Amino acid sequence: AVFAVTQLAERMLESNWVLFTDYRFGWGPAQVGVSLSLVGVLYVISQGVLVRLVVPRIGEERTLTFGLVVGGICLVALAFANETWMVFAIIVPYVLCWGLTAPAVQSLVTRAVSDREQGILQGAMTSTANASGVIGPPIAGVMFGFFIGDATPVLLPGIAFLMGAGLFGIGLFFHARRRRAAAAADRPGPETE
């Protein structure tokens, strides 16, 4: 569930990036290209360096919690950013922290199934990612169009990011619920005679 909702949030962000930055800041191809290049470089740093330092220290569970919280906060901040410098300042913690979560999720999920079920799991995760890539962009596009249109009750071009933050919140709820269930299962029950 955490993987599914966060994938949907990510696809909504990606599909609205050009629309949002053009509408809010008047960005053209050069600025969009610079921002996406920065995302790529930060993602390489996160996946190639930070994962090895952070995940072993704080564990997959805390890494995922941290990534969901920071990611959600950054998405809200992006929705209301009104200066170009703000976007770049928000991208840095978003990508560095959120980039840590993919390996953490992968590790948690693969440990939850047997070796015989790994192929099915990977197929299900790929299918989920692909499905989110199909349904996320139209949802984000329609919401963007409505919230910048004449009939909107409030002008909110960052609506897709707010929806993404909400999805991260739902992911955090599912993650916390699973952690509580796992902790309860690990606690010894009352002894019976």
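The values are calculated or read from the model by the stated rules, or taken from the named source; none is laboratory data. What you see is a predicted model, and the numbers here were worked out from it, not measured in a lab. Ideal geometry is used to build each Cβ from the backbone, glycine not excepted, and the neighbour counts take in all protein chains shown. Keep in mind that these areas ignore ligands, DNA and RNA; they rest on the heavy atoms of the full protein, side chains included. Shrake-Rupley method; radii C 1.70, N 1.55, O 1.52, S 1.80 Å.
Keeping all protein chains in place and using 1.4 angstrom, which order do ARG111, ARG179 fall into by accessible surface area, from largest down?
Numbers: ARG111 150, ARG179 90 Å².
The residues order as ARG111, ARG179, largest area first.
Could you work out how much longer the chain between VAL92 and VAL154 gets when fully extended? Use 0.36 nm per residue separation minus the Cα distance between them, nm to one decimal.
Numbers: separation 62, 0.36 × 62 = 22.32 nm, distance 2.86 nm.
Extra length available between VAL92 and VAL154 comes to 19.5 nm.
For the chain, give the magnitude of the charge dipole about the Cα centre (Cβ charges: +1 Lys/Arg, -1 Asp/Glu; no others), in debye to the nearest 20.
Dipole of the chain, to the nearest 20 debye: 260 debye.
Can you give the accessible area per residue of the stretch 3-79, in Å², using a 1.4 Å probe?
That works out to 49 Å² per residue.
Probe radius 1.4 Å, ligands and nucleic acids ignored: give me the carbon and sulfur share of the accessible area of the chain as a rounded percent.
After summing per-atom areas, the C and S share lands at 66 percent.
Let me cross-check ASP115: its accessible surface, 1.4 Å probe, with only protein heavy atoms counted, in Å² to the nearest 10?
It works out to around 140 Å².
Test of understanding: extend the Cα→C-beta vector of LEU121 to 7 Å, then name every residue of the stretch 42-72 with backbone N under 13 Å from that spot.
none
With a ≥ b ≥ c the root eigenvalues of the C-alpha gyration tensor of the stretch 109-193, is it rounded (a/c under 1.5), prolate (a/b larger than b/c) or oblate?
Because a/c hits 1.5 or more and a/b fails to exceed b/c, the stretch 109-193 counts as oblate.
Which one, (1) 124; (2) 114; (3) 148, gives volume of the Cα convex hull per residue in Å³ as derived from the coordinates shown?
Computed from the coordinates, volume of the Cα convex hull per residue in Å³ corresponds to (3).
How much accessible area per residue does the stretch 91-190 have, counting only protein heavy atoms and a probe of 1.4 Å, in square angstrom?
On the way: 5490 Å² over 100 residues.
On a per-residue basis, the stretch 91-190 sits at 55 Å².
When the solvent-accessible surface of protein heavy atoms is calculated with a 1.4 angstrom probe, in what order do LEU108, LEU68, LEU172 fall, highest first? If you can, show how the numbers build up before the last one.
Details: LEU108 30, LEU68 5, LEU172 55 Å².
Sorted by accessible area, descending: LEU172, LEU108, LEU68.
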